[in-house]
C-alpha cells in the first residue's frame with residue numbers, strides 16, 4: 001500500500017515537470033512569447049535545469065535538445081525509481097532491465113506529450129468559447145494551430161462552433177491507446 005502511494009506521488013511530480021519541459025519545447029517550436037504569465041511560469045520552473053543542460057547539449061534540427069533531454073531524464077528517473085520500488089532490479093538481467101527502462105522512458109515522454117496536447121486543446125477550446133480575446137487564449141491558440149489547422153480544412157465550423165479541438169482530442173486519445 002505504501003508502494004502505491006509513493007508510486008502515485010513520484011508519477012505525479014515527475015509527470016508535472018515532464019509536461020512543463022515539453023510545454024517549454026512546444027512554446028519554442030511555435031515561437032510563442034514567453035513574456036506572458038504562462039511563459040514566465042514555464043521559464044521560472046525550467047531554467048534551473050535547462051540552462052545548465054544547454055552548455056552540454058546544443059540545439060539539434062531546430063529543437064531545444066536541453067528541454068527534451070530534461071523531460072527524458074525525468075522519465076528515466078521515474079522508470080528506474082518505479083522498477084526499484086517494485087523490486088524489478090536483478091543482477092542476472094541488467095541488460096534487459098536497462099532496455100525496459102529506456103523504452104518506458106521514451107514511451108513516458110510520448111504519453112506526456114500527448115496528454116499535454118489534450119490539456120492544451122481543452123483549455124484552448126474552453127477559452128475560445130468563453131473569452132476568445134484574452135492574452136492567454138492567444139497563447140493556447142498559437143500552440144494548437146498546427147494540430148487544428150489540417151482538421152479545419154476538412155471540417156469547417158458548424159454554426160460558429162469549431163469542432164476541430166474535439167476531433168483532435170479524439171485522435172490524441174486514440175494515439176494514447178497504442179502508446
message: Need the C-alpha centroid separation for the stretch 124-179 versus the stretch 66-120, integer Å.
response: 29 Å
query: So for the pair residue 34, residue 83, with labels modelled 7 Å out along Cα→Cβ, what separation do we get in nm?
result: 3.3 nm
- request: Compute the distance in nm between two label points, each set 7 Å from the Cα along the Cα-to-Cβ direction, one at residue 10 and one at residue 44.
  value: 2.9 nm
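Given the DSSP H assignment, sum -39500 (n - 2.57) over each helix run of at least 4 residues in the chain and divide by its residue total; what's the result at 222 nm in deg cm²/dmol, nearest 500?
Result for the chain, helices only: -27500 deg cm²/dmol.
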query: FRET efficiency for residue 99 and residue 54, Cβ-Cβ distance as r, R0 = 25 Å, nearest 0.05?
result: 0.30
task: Using a 10 angstrom cutoff on alpha carbons, build the Gaussian network for the chain and name the most mobile of 108, 48, 137.
output: 48
message: As a test of understanding, state the convex hull volume per residue of the chain from its alpha carbons, in Å³.
response: 155 Å³
query: In nanometres, what is the gap between the two model label sites at residue 159 and residue 175, each 7 Å from Cα along Cα-to-Cβ?
result: 3.1 nm
- request: Note the angle between two axes, namely the Cα long axis of helix 2-29 and the longest principal axis of the Cα atoms of the chain, as a number of degrees from 0 to 90, rounded to the nearest 10.
  value: 50 degrees
task: Would you kindly state how much longer the chain becomes between residue 138 and residue 3 on full extension, computed as 0.36 nm times their sequence separation minus their alpha carbon distance, in nm to one decimal?
output: 44.4 nm
statement: In degrees, nearest 10, the alpha-carbon axis of helix 135-154 is tilted away from the dominant principal axis of the alpha carbons of the chain by 80 degrees
- request: Please determine, in degrees from 0 to 90 and to the nearest 10, the orientation of helix 94-130 with respect to the longest principal axis defined by the Cα atoms of the chain, where the helix direction is its Cα long axis.
  value: 20 degrees
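Bear in mind these aren't lab numbers, they're just calculated from the coordinates by the rules spelled out. None of these values were measured; they are calculated from a predicted model. Counting neighbours? That spans all protein chains shown, and the Cβs are built from the backbone with ideal geometry, glycine included.
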